[in-house]
There are 2 protein chains.
Amino acid sequence: MERVFSIGKLATASGSKVETIRYYESIGLLPEPERNAGNQRRYTARHYDRLTFILHARDLGLSTEAVRQLIDLSQHPDMPCRDADEIARRQLDDVRQRIARLKLLEAELERTLSSCSHGTIAECKVIEALAQCGACERHHRPPR
Amino acid sequence: MERVFSIGKLATASGSKVETIRYYESIGLLPEPERNAGNQRRYTARHYDRLTFILHARDLGLSTEAVRQLIDLSQHPDMPCRDADEIARRQLDDVRQRIARLKLLEAELERTLSSCSHGTIAECKVIEALAQCGACERHHRPPR
DNA sequence: ATAATTCCTGTAGTCACTATAGGTTCAAGC
DNA sequence: GCTTGAACCTATAGTGACTACAGGAATTAT
């Protein structure tokens, strides 16, 4: 007598949304659940576990593709875990790069804002700063 | 006689792509340029300036909508610059939140990886960590 | 029994591009 | 002047990861 529950309950229990759950099913991340007599989805604890796995991985910034790989891996329990490790490691590199980049942006925005003269738009440093180059990394040159 | 140049030159000069330039025109961020006899776009320095403005703002993480607002603002030079300032300030808040969030993820991924036993998938801490809660902020409860 | 809520499918919309197809125009070399 | 290849044109579809809607059917609450 396994406890089953509706898609709405699964959504609130997991902190996600009904539409998101159906979406994960549609792209094959969540297995299709049983249906009741009225064609409504009935989920079990296994679905809940799989869903929280997906949600946690997504929260950590993994793509659905990476999640799919991890799920595939986890279904071959006797493989070496190097592959799963590798996925997490790549993700960590990525997160660190995003942090570094955002810190540059933060500094640039701070600089931009601190120089705001609170005059009119014509002398607004925010717009000026964006029109010029500042600490920009984009490799471009004015067309002379 | 104003120097004019093709979409390809504008792309390389600005460090963007031909398709992106046409896209910005299509959503009304870049004004429609003149065309030559053969219907090809001919750009001037003013287009280059506008484009770098857009690209810098996008690099800083502003949405195209925010860029649109800034452009609108810059066309009313006698308005107070408070509005432009406000847009940049909101963006700074946002950047700081993203940094804070990513740092949590970084710590979580580090924790996850440092405990990897390099055994088989069955005992892989990466997958285990994602299946459980850890430092997760998602407010959910298992369905008992 | 009726009303309100939840569920169903299918489709379209979002954001900010990117890619493709099928054609036209331009620029360089001969 | 001609040919060839690169660059350009429009229009449409695809991406990722959902979100929103329309129009119904089922369930739950009163």
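Quick grid of which residues meet (1) in contact with a His (Cβ under 8 Å, 6 or more places away or on another chain); (2) closer than 28 Å to residue B:94 by Cβ:
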{"site": "B:7", "(1), (2)": "no, no"}
{"site": "B:17", "(1), (2)": "no, yes"}
{"site": "B:20", "(1), (2)": "no, yes"}
{"site": "B:25", "(1), (2)": "no, yes"}
{"site": "B:31", "(1), (2)": "yes, no"}
{"site": "B:35", "(1), (2)": "no, no"}
{"site": "B:46", "(1), (2)": "no, no"}
{"site": "B:49", "(1), (2)": "no, yes"}
{"site": "B:58", "(1), (2)": "no, yes"}
For region A:78-90, check the following and say yes or no: at least one residue is more than 7 Å from every other protein chain (Cβ to nearest Cβ), within 12 Å of DNA strand D (Cβ to nearest atom), under 27 Å from residue B:97 (Cβ atoms) and free of Cβ contacts under 8 Å to residues at least 60 places away in the same chain. no
Residue list for region B:45-61, filter: assigned to a helix (DSSP H, G or I) and away from DNA strand D (no atom under 16 Å from the Cβ): B:45, B:46, B:49, B:50, B:52, B:53, B:54, B:55, B:56, B:57, B:59
Determine which member of the set B:19, B:25 is among the charged types (D, E, K, R), within 9 Å of DNA strand C (Cβ to nearest atom) and modelled with pLDDT of 95 or more. B:19
Regarding residue B:42, is this residue in a loop (DSSP other than H, G, I, E, B) and touching a residue at least 12 places away in the same chain (Cβ under 8 Å)? no
Any chance region B:101-124 includes a residue that's more than 8 Å from chain A (Cβ to nearest Cβ), within 16 Å of DNA strand D (Cβ to nearest atom) and part of a helix (DSSP H, G or I)? yes
Test result for residue A:121, modelled with pLDDT of 80 or more and of a type in the set (A, V, I, L, M, F, W, C): no
In region B:28-79, which residues are of a type in the set (Asp, Glu) and at pLDDT 95 or above? B:32, B:34
How many residues does region A:24-39 contain that are in a strand (DSSP E or B) and either surrounded by 13 or more Cβ atoms within 10 Å (Cβ to Cβ) or more than 10 Å from DNA strand D (Cβ to nearest atom) (or both)? 1
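Conditions tested, residue by residue: (1) surrounded by fewer than 17 Cβ atoms within 10 Å (Cβ to Cβ); (2) touching a residue at least 40 places away in the same chain (Cβ under 8 Å); (3) within 25 Å of residue B:105 (Cα to Cα).
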{"residue": "A:3", "(1), (2), (3)": "yes, yes, no"}
{"residue": "A:8", "(1), (2), (3)": "yes, no, no"}
{"residue": "A:11", "(1), (2), (3)": "no, no, yes"}
{"residue": "A:19", "(1), (2), (3)": "yes, no, no"}
{"residue": "A:22", "(1), (2), (3)": "yes, no, no"}
{"residue": "A:53", "(1), (2), (3)": "no, no, yes"}
{"residue": "A:58", "(1), (2), (3)": "no, no, yes"}
{"residue": "A:72", "(1), (2), (3)": "yes, no, yes"}
Subset of region B:28-57 [within 12 Å of DNA strand C (Cβ to nearest atom) and facing another protein chain (nearest Cβ under 10 Å)]: B:51, B:54, B:55, B:56, B:57
Of the conditions (1) at pLDDT below 95; (2) part of a helix (DSSP H, G or I), residue B:11 fails just one. Which one is it? (1)
Hey, does region A:62-69 have a residue that's open to solvent by 10 Å² or more (accessible area, probe 1.4 Å) and part of a loop (DSSP other than H, G, I, E, B)? yes
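The values are calculated or read from the model by the stated rules, or taken from the named source; none is laboratory data. As the structure is a computational prediction, the values presented were derived from the model and not from experiment. Positions of Cβ are generated from backbone atoms using ideal geometry, with glycine treated the same way; all protein chains shown enter the neighbour counts. Surface areas here come from the heavy atoms of the whole protein model, side chains and all, with no ligands, DNA or RNA. Shrake-Rupley method; radii C 1.70, N 1.55, O 1.52, S 1.80 Å.
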